[in-house]
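Below is one structure, written out as structure tokens, with a few remarks after it.
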Amino acid sequence: MPIVEKSLVTVDRTEHLEIEGIDVSGDWNSFLRSRVQVDLDVRVLDWVRSQPQGDTISRCWQCGTCTAGCCLHTDYGLTDFNPRYFIYLAQVGYEEELRKYSSTIWRCVSCNKCVERCPKGVKVEEVVHTIGSYLEATGGAPESPADRFDRAYTENLLRRGILDEADLFRTYERGEGRTMPAREMLRMGLTLLRSGRLRTGPLAHRTRGWRRFGAVLRAKLEEDERRRRESAGAVARAGGGPR
Amino acid sequence: MNPILVLGAGPAGLSAAAETAALGAPTILVERESYLGGNPKRWHYSLLAPDLRPSDEVLGPLIAKVEGNPNVTLRRSTTVSRAERLERGYRVTLTTGAAQETQEVSAVVLATGFDHFDSHRKFEYGYGRYPDVLDFKELEGMIHDDKVLRPSDGKPPRRIAWILCVGSRDLQVGNPWCCRMGCAVSIKQAVEIRQKHPEIDAYVYYMDIRTYGLWEDLYWKSMQEYGVKFIRGRIGQVTLAEGGSRLLATGEDTILRRPTEVPFDMIVLASGMEPGTGTKEAAALFGVPVGPEGFLTPTLSDLNPVDSGLPGVFLAGAATGPKAIPDSVTEGMGAALRAYQYARR
Ligand SMILES: Cc1cc2nc3c(=O)[nH]c(=O)nc-3n(C[C@H](O)[C@H](O)[C@H](O)COP(=O)(O)OP(=O)(O)OC[C@H]3O[C@@H](n4cnc5c(N)ncnc54)[C@H](O)[C@@H]3O)c2cc1C
Ligand code: SF4
Ligand code: SF4
Ligand code: SF4
């Protein structure tokens, strides 16, 4: 029977190998990766609980009310986004499994329906973000296009305090190694420019007093980021982890 | 000896009055309703867990022990409106309609019981809005009369869901405690329905099944012998489906790890137990301490489970917390003994 779940298969591929004149290249040592959970890691829970936004995580009894109402999970069919499951993985310490959701976990739109409904008073939205912060700060998460877009967006916004869409589009697409056919771009860009809906480059909108305000905001963001990394790093270093 | 006053004629109060009378003490049993038997009688409970005996078979003998008992003065449709502490015992004012009467009593047993959680407060389940969403106390009566039909159109349901812990273990409504009965009673209802109507499918949405102690047997049987099915997840909301002819239960099946939106013909809410209004009144009247949950608190729940800490006031039954009938009856006996000892001193 073919194995459908390719991610479970590990293969040693040998491209060119000849032994005593015989070509033996091909797939060697095909193994099924074990699905047995062999450890429990307390670091995630310790860290999430130590954060002011994360301490309600321990109240969760896994009822699924949050997930049942979460618009991402139900309305947008993003069944990989499951706040109840993220909390479970963090509570029990299935860190490896949790890491699979390092980029998905950020999709939360902060509608707070989950918080409104949770029978145990878990601040689900904040807890989910805190778990995300842990994953981000402790690294190892492959950066997704969504992460890169977030970064390009923030950078763009911080420059003038208002979005320069055309520039964001250019920078992001270039970063992804994509270009749009020039003619297509010109047509769309010109229409938008003519209608006055798009202002870019030197014509772009500006925010009054942005130089000072932007500097404060940037400093604050950098400070937050540094703090988060420090405390996550401290947890990661402090041992704990799998016992 | 002045009579012993027992307040409330549910399982606990009936049991207490029967025992004080058996000890030879004159007893006044005061019940604010016109009937005896408390909540089981009020809502016409059908079979009682765990032995699945008809509730009349359980309550009947208890009621018979006090009715016509020469040592028991029965005061139906009556409440206590004033209580004054004396050197020994209390002077109480009994109010029946407009009539009032003052009476000295040597000791008091408070067996004022619980009220059901008002399911309207979990508005997302549509109770009161959709006729086919029922509170499980209402289903008790339907099962008792063998008329399990959809209130909306009078048709028999094909598929019923129970939602557990409604108004229990829920900080949104301020009730963090477990009702103790909801699991067992819901499962019992599903068994009763499947016994008589195997064509009706029964599903229970649960987070934990708390059929504690020997009651676990009921849970096992429900699956093995009656094919009741259990889905792990808490329903988030109930809406209408299929042009309004059925109900849609939206939740997460936490084992499947996917959202579920399944249509049902009837949805039954296992509403929890709250301290009864009568219990709150009695607490204020006699000055009995109440815990953060609003139930009366015994001085030590392990060693003095029926002592209020006030001289001559004893506690029994669901007034001190969610409780089953066997425990309520036992506490009634304990409180009777303690009240008798106090009155004799
Ligand atoms: C839906 C449901 C099904 C249940 N089924 C089962 C079952 O199958 N098996 C089982 O063991 N248990 C069952 N129970 C639990 C059972 O109902 C309780 O254990 C029992 O009723 C508690 O008895 P009680 O006498 O303490 O209180 P109650 O039954 O609440 O009786 C209290 C009585 O006191 C009266 N009263 C209150 N205040 C005053 C006042 N101030 N003055 C005068 N009178 C007053 C009330 O009118 C009432 O008659 C069920 C509970 C629920 C919610
Ligand atoms: S706040 Fe986030 S996790 Fe909560 S329901 Fe909204 S999208 Fe889902
Ligand atoms: S609703 Fe609250 S208790 Fe239930 S799974 Fe979500 S966070 Fe946990
Ligand atoms: S007894 Fe069952 S239904 Fe009632 S609160 Fe406890 S777990 Fe929920």
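Coordinate-derived values only; no laboratory data. Bear in mind that the values here come from a model prediction, so they are computed numbers and not experimental data. Cβ placement follows ideal geometry from the backbone for every residue including glycine, while neighbour counts extend to all protein chains displayed.
With the simple spin-label model, which puts each label point 7 Å out from Cα in the Cβ direction, the residue A:155 to residue A:180 separation comes to 1.9 nm. For region B:217-291, the spread of Cα positions along the three principal axes, ordered from largest to smallest, is 52, 36, 24 Å. GNM on chain B, alpha-carbon springs under 10 angstrom: the most fluctuating residue among B:185, B:72, B:58 is B:58. For region B:117-271, the C-alpha radius of gyration divided by 2.2 N^0.38 Å, with N the number of residues, is 0.96.
Highest mobility in the GNM of chain A, judged by mean-square fluctuation with C-alpha springs under 10 Å and restricted to A:81, A:169, A:149, is found for A:169. From its DSSP helices (H runs of at least four residues, each -39,500 (n - 2.57)), chain A gives a residue-normalised ellipticity at 222 nm of -15000 deg cm²/dmol.
Modelled spin labels at residue B:223 and residue A:61, positioned 7 Å past Cα toward Cβ, are 1.9 nm from each other. Taking a ≥ b ≥ c as the square roots of the eigenvalues of the Cα gyration tensor, region A:63-130 is oblate, since a/c reaches 1.5 or more and a/b is not larger than b/c. Using just its DSSP H runs of length 4 or more, each adding -39500 (n - 2.57), chain B gives a mean residue ellipticity at 222 nm of -8000 deg cm²/dmol after division by all residues.
In this rough spin-label picture, where each label sits 7 Å from Cα along the Cβ direction, the residue A:96-residue B:51 distance is 5.4 nm.
Cα gyration tensor of chain A, axes a ≥ b ≥ c as square roots of the eigenvalues: rounded (a/c below 1.5), prolate (a/b > b/c) or oblate? All intermediate terms of the calculation are to be shown ahead of the outcome.
Numbers: a/c = 1.94, a/b = 1.19, b/c = 1.62.
Note, shape of chain A comes out oblate.
Converting phi to 3J(HN,Hα) with the Karplus coefficients 6.51, -1.76 and 1.60 and the offset θ = phi - 60°, region A:211-223 yields 4, 6, 4, x, 5, 4, 4, 4, 4, 5, 4, 5, 4 Hz in sequence order, with x at every glycine or proline.
A straight line joining the Cα centroids of region B:1-66 and region B:117-139 runs 29 Å. Near the amide H of residue B:252, within less than 5 Å, lie the amide hydrogens of A:68, B:234, B:236, B:260, all on another chain or at least 5 residues away, with H placed in the peptide plane. Applying 1/(1 + (r/R0)^6) with r as the Cβ-Cβ distance of residue A:173 and residue B:301 and R0 = 60 angstrom yields a FRET efficiency of 0.30. What is the distance in Å between the Cα centroid of region B:244-269 and that of region A:104-127? Region B:244-269 and region A:104-127 have Cα centres separated by 21 Å. Three semi-axes describe the equivalent ellipsoid of chain B; taken as square roots of 5 times the Cα gyration tensor eigenvalues and ordered largest first, they are 40, 19, 18 Å.
Considering only alpha-carbon pairs that sit under 8 angstrom and 6 or more positions apart, the relative contact order computed for chain B is 22 percent.
Of the listed pairs A:120/B:323; B:137/B:221; B:196/B:229; B:155/B:188; A:120/A:220, which have alpha-carbon separations greater than 26 Å here? Write down the numbers at each step before the final one.
Working: A:120/B:323 23 Å; B:137/B:221 22 Å; B:196/B:229 17 Å; B:155/B:188 22 Å; A:120/A:220 33 Å.
Long pairs (Cα-Cα over 26 Å): A:120/A:220.
Gyration tensor analysis over the Cα atoms of region A:145-221 returns equivalent ellipsoid semi-axes of 25, 18, 7 Å (largest first, whole Å). For region B:156-161, 3J(HN,Hα) computed residue by residue from phi via the Karplus equation (6.51, -1.76, 1.60; θ = phi - 60°) reads x, x, 9, 9, 10, 10 Hz, glycine and proline entered as x.
Based on the alpha carbons, how large is the Rg to Rh ratio for the protein assembly as shown when Rh follows Kirkwood? Write down the numbers at each step before the final one.
Numbers: Rg = 32.8 Å, Rh = 29.1 Å.
In the protein assembly as shown, Rg relative to Rh is 1.13.
Pairs of alpha-carbon atoms within less than 8 angstrom and 6+ residues apart define the contacts here; what relative contact order does region B:117-271 have, in percent?
Values: 297 pairs, mean separation 46.6, N = 155.
Once normalised by length, the contact order is 30 percent.
For chain B, DSSP calls about 50 percent of its internal beta bridges antiparallel. Within the listed set A:137, A:232, A:152, the residue fluctuating most in the Gaussian network model of chain A (springs between alpha-carbon atoms under 10 angstrom) is A:152.
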